[in-house]
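Taking it in order: structure first as structure tokens, then the write-up.
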Amino acid sequence: SFKTYPNPTKDSWNVVTDNVVINAIQVYDIAGRQVSTSTPNAFTATIDGSTLKAGIYFAKIQTDKGASSVKLIKN
């Protein structure tokens with residue numbers, strides 16, 4: 001399990017897990033286009049949204065225990 005905050009944000013989101021390594025994060029826009037990717041290999045990560053336009057995005061977060069998605073809002 002993980003937390004993503006602040007949401008909504010103006011520039012970036014923090015992702016914090018409960019002692020699970022984040023292997024990869026892919027961010028997609030509402031049309032399904034991949035707009036960013038990172039491989040933090042850590043318990044915490046930052047998704048840089050400073051170059052993204054305001055709107056709704058989805059982040060696919062992959063860990064050793066599986067993958068899940070979270071809705072991100074940029075304002």
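The values are calculated or read from the model by the stated rules, or taken from the named source; none is laboratory data. Note that this is a predicted model, so its numbers are computed, not measured. Cβ atoms come from the backbone with ideal geometry, glycine included; neighbour counts cover every protein chain shown. Note: accessible area is taken over every heavy atom of the protein model, side chains too, but ligands, DNA and RNA are not part of it. Shrake-Rupley method; radii C 1.70, N 1.55, O 1.52, S 1.80 Å.
In the set (1) free of Cβ contacts under 8 Å to residues at least 60 places away in the same chain; (2) surrounded by fewer than 12 Cβ atoms within 10 Å (Cβ to Cβ), Asn75 fails one condition alone, (1).
When the range 25-43 is filtered for residues that are open to solvent by 80 Å² or more (accessible area, probe 1.4 Å) and under 16 Å from Asn14 (Cα atoms), the ones remaining, listed by number, are Thr37, Thr39, Asn41, Phe43. Answer yes or no as to whether Ala31 is modelled with pLDDT of 95 or more and more than 11 Å from the chain's Cα centre (by Cα). Yes, satisfied. Within the range 7-17, track down each residue that is touching a Phe, Trp or Tyr at 6+ places or on another chain (Cβ under 7 Å) and open to solvent by 60 Å² or more (accessible area, probe 1.4 Å). Asn7, the sole residue that qualifies.
Selection of first residues in the range 4-17 that are farther than 9 Å from Ile47 by Cα and of second residues that are of a type in the set (Val, Ile, Thr) and open to solvent by less than 50 Å² (accessible area, probe 1.4 Å), restricted to Cβ pairs under 7 Å at least 6 apart or on distinct chains, gives the following pairs, ordered by first then second residue: Thr4/Val15; Thr4/Val70; Thr17/Thr63. In the range 44-57, of all residues being open to solvent by 40 Å² or more (accessible area, probe 1.4 Å) and among the β-branched types (Val, Ile, Thr), the one that is farthest from Lys74 (Cα to Cα) corresponds to Thr44. All of (1) without any contact (Cβ under 8 Å) to a residue 40 or more places away in the chain; (2) among the basic types (Lys, Arg); (3) open to solvent by 80 Å² or more (accessible area, probe 1.4 Å) hold for Lys60 with one exception: (3). Checking each residue in the range 1-19 for being in contact with an Asp or Glu (Cβ under 8 Å, 6 or more places away or on another chain) and at pLDDT 95 or above picks out Asp11, Ser12.
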